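Visitor: The structure follows.
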Amino acid sequence: MTSILEEIRKENPVVLDIPNMVTPQKVADAISYVGGSPIMCDSSNEGRDLVAIANSLVLNLGTMNDDNVKLDIIAGQAANNRNLPVIVDPVAVSASELRTEVFKKISNEVNIDILRGNVGEIAFTAGIDWGPRGIDADDGNGDRVQVAKIAAKQFHSIVVISGIDDVISDGSETYVVHNGSKELAINVGSGDVLDGVLGVVAAHHRGVHAVALGTAIVSVAGELAEEKYPADPASFEMEFFNNLYKLDDHQLSDEIRIEKINN
Ligand SMILES: Nc1ncnc2c1ncn2[C@@H]1O[C@H](COP(=O)(O)OP(=O)(O)O)[C@@H](O)[C@H]1O
Ligand SMILES: Cc1ncsc1CCOP(=O)(O)O
């Protein structure tokens, strides 16, 4: 049985999160509920100071302006210097020239430990043609595993592709987490919540398997919430957050459906 939740709750790591302007409260709550200590930051003037007290850094690129892009680079490089894990979420990276350029800049200037996005986002970052005619795309796991592996090798990162199943790979070791809930897909910010939870886990637990367990924490919490509220999105959200707080290692081990991919 895993002891990851017990360990992170003992460690209570400080997660510095540079959020988007849409979901900071949700992300801070999620970090706190799974056992971390969140601090959100919005000014490049305090990036270095806050990295100095953090155990991991999350850069969410969901909304951007000149100062938070500057902050992303300052904090990312300071975190690299301290050997802290850096998690990057390239939200809607293909949607505007600015998003595409900012991600390129960050990936050139900051070492990314965990790159987390949906398959379209990750494929785009890696220059992979994803879509009806992209790499045999049928949205099957085989293709998503290939996208994760290619992106992982390109960025020297652990890549998490979230979706109906979650694919977690560093290019050679790969897992698929089969848990989840379609309610998570319509809950705005569930991906950002996943980034924050990965920040908590990665603070002290490096490696692909630990990241896969971190991914499963969110997917299992969502799956259990859907059992109770299959058709009430607002009630689902409350139950999902309750589950992030209540989930323990016994329940995680009982509920997780994780597969190691062998090629
Ligand atoms: N169709 C789905 N069925 C089950 N779980 C899903 C589905 N889509 C997303 N999830 C879950 O929702 C969480 C957030 O992923 P996702 O919605 O892909 O992020 P984003 O909000 O960045 O697009 C993950 O835990 C993922 O497993
Ligand atoms: C709606 C929206 N617009 C810019 S960032 C954001 C939130 C994205 O959250 P998630 O990708 O986790 O659903």
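Visitor: Do we find a residue being under 23 Å from residue 54 (Cβ atoms), within 16 Å of ligand 2 (Cβ to nearest atom), without any contact (Cβ under 8 Å) to a residue 60 or more places away in the chain and not in a strand (DSSP E or B) anywhere in the stretch 147-160?
Guide: For the stretch 147-160, residues under 23 Å from residue 54 (Cβ atoms), within 16 Å of ligand 2 (Cβ to nearest atom), without any contact (Cβ under 8 Å) to a residue 60 or more places away in the chain and not in a strand (DSSP E or B): absent.
Visitor: Is it true that residue 150 is β-branched (Val, Ile, Thr), closer than 19 Å to residue 88 by Cα and open to solvent by 20 Å² or more (accessible area, probe 1.4 Å)?
Guide: When the stated conditions are applied, residue 150 passes them.
Visitor: Among 263, 187, 179, which is the only one that is of a type outside the set (Val, Ile, Thr) and more than 26 Å from residue 88 (Cβ to Cβ)?
Guide: Sole residue among the options that is of a type outside the set (Val, Ile, Thr) and more than 26 Å from residue 88 (Cβ to Cβ): 263.
Visitor: Can I ask one more? In the stretch 83-103, which residue that is of a type in the set (A, V, I, L, M) and in contact with an Asp or Glu (Cβ under 8 Å, 6 or more places away or on another chain) is nearest to ligand 1 (Cβ to nearest atom)?
Guide: Here the residue is 91.
Visitor: If you check residue 214 against the conditions, is it out of contact with any Gly (no Cβ under 8 Å at 6 or more places or on another chain) and within 16 Å of ligand 2 (Cβ to nearest atom)?
Guide: yes
The values are calculated or read from the model by the stated rules, or taken from the named source; none is laboratory data. Predicted, not measured: the structure shown is a model, and the values here were computed from it. So basically every Cβ, Gly included, is an ideal-geometry build from the backbone, and we count neighbours across all protein chains shown. Surface areas here come from the heavy atoms of the whole protein model, side chains and all, with no ligands, DNA or RNA. Shrake-Rupley method; radii C 1.70, N 1.55, O 1.52, S 1.80 Å.
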